[in-house]
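No lab work stands behind these numbers, since they all come straight from the coordinates. The model shown is predicted, which means the values in this text are computed figures rather than measured ones. Backbone-built Cβ (ideal geometry, glycine too); neighbour counts: all protein chains shown.
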Amino acid sequence: MGKIVTIASQKGGTAKTTTALNLSYSLSCLGDRVLLLDADPQGGMTIATTIKGKTPAGLIDYLAGRCQLKEVAFYTKEKKMAIMGIGTVDPDSVRQLEDWARKAVIAKALKRFSKHFDYIVIDAPTGFGSVPVALLEASQGVILTSQCQSLSLKSLPKMLGVIDWVQKSSNPDLSLEGIVLTMRHPDNETENEMFQEIHSGFPAGLFFSEYIVSDPVFELASLRSVPVGMLSAGKVAAHNYHQLATEYKERELLRSLSKGADDGADSGLF
Amino acid sequence: MALILDSSEIREAIALASGLTATLNLPVATDAGKVRAITVADVPAKIAQKTTPKPSAEIDPAGLTYRGDQLEQVLRNMCLRSHFGGAVVTDATGLPFAVVNPPVSMEAVSAFTSVLGSALERAGSLLGQHGAEYLSLDINYEEKIILRRFLIHELPYFLLVICPQEVDERSEIEISIDQIVSILDKK
Ligand SMILES: Nc1ncnc2c1ncn2[C@@H]1O[C@H](COP(=O)(O)OP(=O)(O)O)[C@@H](O)[C@H]1O
Ligand SMILES: [Mg+2]
């Protein structure tokens, strides 16, 4: 069973989509079988048709029973990761999606998908409507994105509150994997001061130590709807997400080890 | 005056986060990934070096100015002496410091080092042998890959070597590691 990881944020424009796309790509470069799922009807993540094939069908069409998994999930050229778009979006289908969210239809589908992958990385809708909450209820991990700006940081308590609530009320397996700071400007003094405050004020490990630097190549990649790693000008930016992916894997490993140490104390190999 | 720490939203976030991290037992982030002899910008250059020519004669690394060149010379000398196919030194994340004749693309080497490095650590901890630092993997009928983990100031690094299966590589690797450590450890 693969792990379901939702990328979430209370605020729009915090590089949620960019992070979902590029983190998925990096994880796939590290050898994992990854499905990137666009679950945001308003997100406009038009995944490059060169990657996805020509079909507009996606999650919504699958949930409606109009398509099978293999008709809506597509492997990239190098067969590294698979991508599933949101599908046919209209006012009716958006309402339907919310209904499916409440009735755990989405959760069941995700479970089925997870048999075929190591990770399902989900680009969730902004905020905490029924769809993002349903995604959190079906996930084992959640990663939050935030800019290093006061407005973005001040929106964190709402999202942390929702995660806390989902953990306590319905999904104790949900783990907050960390917060990624995106679009960082390491030469901006105010940002750097804020960055210092984050490190002194927040619990250690809450934020990933790798942050994503602001780089115009992300705009270019967004325009073409591809991971930055697929652009020749995007090597450095892609490396940034590779480092984040590596830190993510390290954290997973450390967590599994500390868990193993807790419940496997007297069941060692020898 | 603090920019954000005084705000009520941020204080609320910290309180919530403390609760969440306590139940999750989040590992404390280390700075391991931050200590690097080369910068992110150097990486494309490293990838371009994939076609490093075969070494022809041993050169004394101490005569070279740059640490990267010295490291690379140590690797080159090692390959030359013991007929190793190629060698790479990386940090814990798989980011290469020095490369000689990488067997596959650098991206794959990084991924490979990081995966094997994790496996080594995990295996060590499962067996209760936290000093496990040596991994040998036959990759086909003729060659093997050796991963040797070593520490500098508590931070893990890796030496990855590809060599013929019949070669006894241990002493050569240990000698080279000593040289690598002394170069990396230099202030
Ligand atoms: N590191 C970055 N540097 C520069 N621009 C970025 C970066 N990350 C994202 N962007 C740009 O910011 C905009 C918003 O990002 P997006 O991922 O769509 O946010 P969200 O999904 O949270 O709304 C996009 O135009 C994207 O190209
Ligand atoms: Mg988006």
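Give the Cα extents of region A:3-259 along the principal axes, in whole Å, largest first.
Principal axes ranked by extent give 52, 46, 39 Å for the Cα atoms.
So how compact is region B:50-184: Cα radius of gyration and Dmax in angstrom?
14.2, 44
Report relative contact order for region B:50-184 in percent, whole number only (criteria: Cα-Cα under 8 Å, sequence separation at least 6). Provide the component values of the computation, followed by the final result.
Working: 219 pairs, mean separation 32.7, N = 135.
This gives 24 percent for region B:50-184.
Of all alpha-carbon pairs in the protein assembly as shown, indicate the percentage at a distance above 36 angstrom. If you can, show how the numbers build up before the last one.
Details: 34528 of 104196 pairs.
Here the long-distance tail beyond 36 Å is 33 percent of all Cα pairs in the protein assembly as shown.
Take the alpha-carbon centre of region A:118-172, take the same for region B:77-94, and report the distance between them in whole Å.
44 Å
Taking all pairs of distinct Cα atoms, average 1/r, flip it, and tell me the Kirkwood hydrodynamic radius of region A:57-201 in Å to one decimal place. Kindly include the intermediate steps, with their values, before the conclusion.
On the way: mean 1/r = 0.0580 Å⁻¹.
Final number for the Kirkwood radius of region A:57-201 is 17.2 Å.
Using θ = phi - 60° and the Karplus relation 6.51 cos²θ - 1.76 cosθ + 1.60, list the HN-Hα couplings for region B:153-158 in order, rounded to whole Hz, with x at every Gly or Pro.
For region B:153-158, the Karplus-derived couplings read 6, 6, 9, x, 10, 10 Hz, x marking Gly and Pro.
With respect to the cross-link table entries A:K115/A:K249; A:K115/B:K144; A:K70/A:K111; A:K16/A:K80; A:K249/B:K186, which display a Cα-Cα separation exceeding 26 Å?
Pairs exceeding the cut-off: A:K115/B:K144; A:K249/B:K186.
Using amide H atoms built 1.01 Å from N in the peptide plane, name the residues 5+ places from A:I4, or on other chains, whose amide H lies under 5 Å from its own.
Counting only residues 5 or more places away or on other chains, the set is A:I120, A:Q140, A:G141.
Give, rounded to the nearest 20 debye, the magnitude of the charge dipole that region A:1-145 has about its Cα centre when Lys and Arg contribute +1 at Cβ and Asp and Glu contribute -1 at Cβ. Let's see the in-between values first.
Working: 18 positive and 13 negative charges, 80 e Å.
My answer is approximately 380 debye.
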